[in-house]
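Undergrad: One structure is given below, represented as structure tokens, and several questions about it will come after.
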């Protein structure tokens, strides 16, 4: 271990210093750590053996432990176990000789954050402690945002008393206490992330991070770095070390939304992570152990994708340990009144008197809609009506014009008067969506237009409604 840090970086000042417990029976290392760890911006308590380290844990709270595996009295794994009881949020890093590599891997399985092989350089320790700082910062930000969200919207809950939603709640109750991987199926906008959050909140991991990522929202070149992190200089633009979302979610749950959009190359890497519970950051060869529950979701037909060669069959079986199907809104129309009232209270804020409600004619109009966009579309409609409604209950007058327009186009065949080409076009689109249960790709295929054209037509109709 060298006596001089090679980093020369001042970036550690950007992160909060750590309260560090260092335990090693080599006196020269003890003296070195007393000198060098404070220079890195951290406070350190140095202990000559495992028993002294355990006593220090009884007296003080630490953010990170740097412990030797082979010490008299208590070994490193014993100290880590003690820390998990007394400082459950502390990250543990183990120091080991090459002959104890198997023991180091065992320490990772017992919850250690990482390990270093002796002899190691101070720059390696400094880089590792920075990773601990970054992870703790992200975890604290997540918890703060979670508390803020709960104050604003309350604890997320599933709305609706229909048979389909009762079954969803039953399945969540059954699977949440287990470590099983969960696959949530359902159309876009049905609330799959809400189900994933419910699984997390009812699990033993509820106090740990819940990290969500949309696999279809990131460029293919960034997905691996986003999920697993990267080393500084690993690729062009990698100007600093980045902690991946699997590390951020360590101890908690990671939600991989739209898993069907994951590129084939990343499917193989994800499968390896699910099987080994280890990740490799981009630019690094050494594996890092992670303890993460995985919940996935998709609106795609995975068996169909497997047959077409677009999705790995082994990954499909690996993520589909337990399946939850979330029904579309058109199959639970009786839930619309409760959903609409819940959304209305959210948009008006908890400070609202609650005297304004949704009139029967508006509810009837909402229940007559096919809802290709599901609950997400309903939320947009209620927000639209909330903006228009200055006082009194929301009525059908406050709903977007598409509701009246579709009723007119639906009756066009029996209407003696003229009808515009645009209305006929929109009638065909709405009817195709209804036949295919709101599935836009299939509706576009039937209509003989591209999916992009279908979205453009629907967006143009929405624009006309807003200006009507």
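Read the figures in this text as sums done on the coordinates, not as results from a lab. This structure is a prediction, so every number in the text was calculated from the model and none was measured. With ideal geometry, Cβ positions are generated from the backbone for all residues, glycine too; neighbour counts draw on all protein chains shown.
Undergrad: How would region 11-130 be classified by its alpha-carbon gyration tensor: rounded, prolate or oblate, with rounded meaning a/c under 1.5 and the a/b versus b/c comparison settling the rest? If you can, show how the numbers build up before the last one.
TA: Values: a/c = 1.34, a/b = 1.18, b/c = 1.14.
Rounded is the answer for region 11-130, as its axis ratio a/c remains below 1.5.
Undergrad: Please order 142, 115 by the number of other Cβ within 10 Å, starting at the fewest.
TA: Ordered from fewest to most neighbouring Cβ atoms within 10 Å, 142, 115 come out as 142, 115.
Undergrad: What is the spin-label model distance, in nm, from residue 34 to residue 317 if the labels are put 7 Å beyond Cα along the C-beta direction?
TA: Inter-label distance under the simple model: 5.9 nm.
Undergrad: Express the relative contact order of region 155-327 as a whole percentage, based on alpha carbon pairs under 8 Å and six or more residues apart in sequence. Walk me through the numbers on the way to the answer.
TA: Values: 313 pairs, mean separation 56.0, N = 173.
Contact order relative to length: 32 percent.
Undergrad: Extension gain residue 308-residue 380, at 0.36 nm per residue separation less the Cα-Cα distance, in nm? Don't jump to the answer; show the numbers that get you there.
TA: Numbers: separation 72, 0.36 × 72 = 25.92 nm, distance 3.50 nm.
Extra length from residue 308 to residue 380 when fully extended: 22.4 nm.
Undergrad: Per residue and in Å³, how big is the convex hull formed by the alpha-carbon atoms of region 155-327?
TA: On the way: hull volume 20.1 nm³, N = 173.
Given the Cα convex hull of region 155-327, per-residue volume reads 116 Å³.
Undergrad: Using the 10 angstrom Cβ neighbour count as an exposure proxy, how do 231, 264 rank, fewest first?
TA: 264, 231
Undergrad: Sticking with this structure for a sec: For region 270-369, calculate the relative contact order in percent as a whole number, restricting contacts to Cα pairs under 8 Å that are 6 or more residues apart. The partial results should precede the final answer.
TA: Values: 44 pairs, mean separation 17.2, N = 100.
So the answer I get is 17 percent.
Undergrad: May I pose another question? For residue 360 and residue 428 in one chain, what is 0.36 nm times their gap in residues minus the Cα-Cα distance, to one decimal in nm? Don't skip to the end; give the middle numbers.
TA: Values: separation 68, 0.36 × 68 = 24.48 nm, distance 2.85 nm.
Gain on extension, residue 360 to residue 428, equals 21.6 nm.
Undergrad: Here is a follow-up. Would you please classify the overall shape of region 201-269 from the alpha carbon gyration tensor, given that a ≥ b ≥ c denote the square roots of the eigenvalues, rounded means a/c under 1.5, and beyond that prolate means a/b larger than b/c while oblate covers the rest? List each step's numbers first, then the result.
TA: Values: a/c = 2.74, a/b = 1.38, b/c = 1.98.
Oblate shape, in that a/c is at least 1.5 and b/c is the bigger or equal ratio.
Undergrad: In addition: What does a probe at residue 145 reach in region 189-223, counting residues whose amide N is under 11 Å from the point 7 Å along Cα→Cβ?
TA: Only 210-213 pass the distance filter.
Undergrad: Starting from the Cα-Cα distance between residue 161 and residue 137, subtract it from 0.36 nm times their residue separation and give me the gain in nm to one decimal. Numbers along the way, then the final one.
TA: Working: separation 24, 0.36 × 24 = 8.64 nm, distance 3.98 nm.
Residue separation times 0.36 nm, minus the Cα-Cα distance, leaves 4.7 nm.
Undergrad: Using a 10 Å cut-off around each Cβ, can you sort 452, 137 from fewest to most neighbouring Cβ atoms? Walk me through the intermediate numbers first.
TA: On the way: 452 9, 137 15.
Lowest count first: 452, 137.
Undergrad: Treat each spin label as a single point 7 Å out from the Cα along the C-beta direction, and report the residue 452 to residue 277 distance in nm.
TA: Distance between label points: 4.5 nm.
Undergrad: Using only alpha carbon pairs under 8 Å that are at least six residues apart, calculate the relative contact order of region 11-130 and give it in whole percent. Mind dumping the intermediate values first?
TA: On the way: 202 pairs, mean separation 25.7, N = 120.
Averaging sequence separation for qualifying contacts and normalising by length gives 21 percent for region 11-130.
Undergrad: OK, next. What distance in nm separates the simple spin-label points at residue 331 and residue 300, each placed 7 Å from Cα in the Cβ direction?
TA: 2.1
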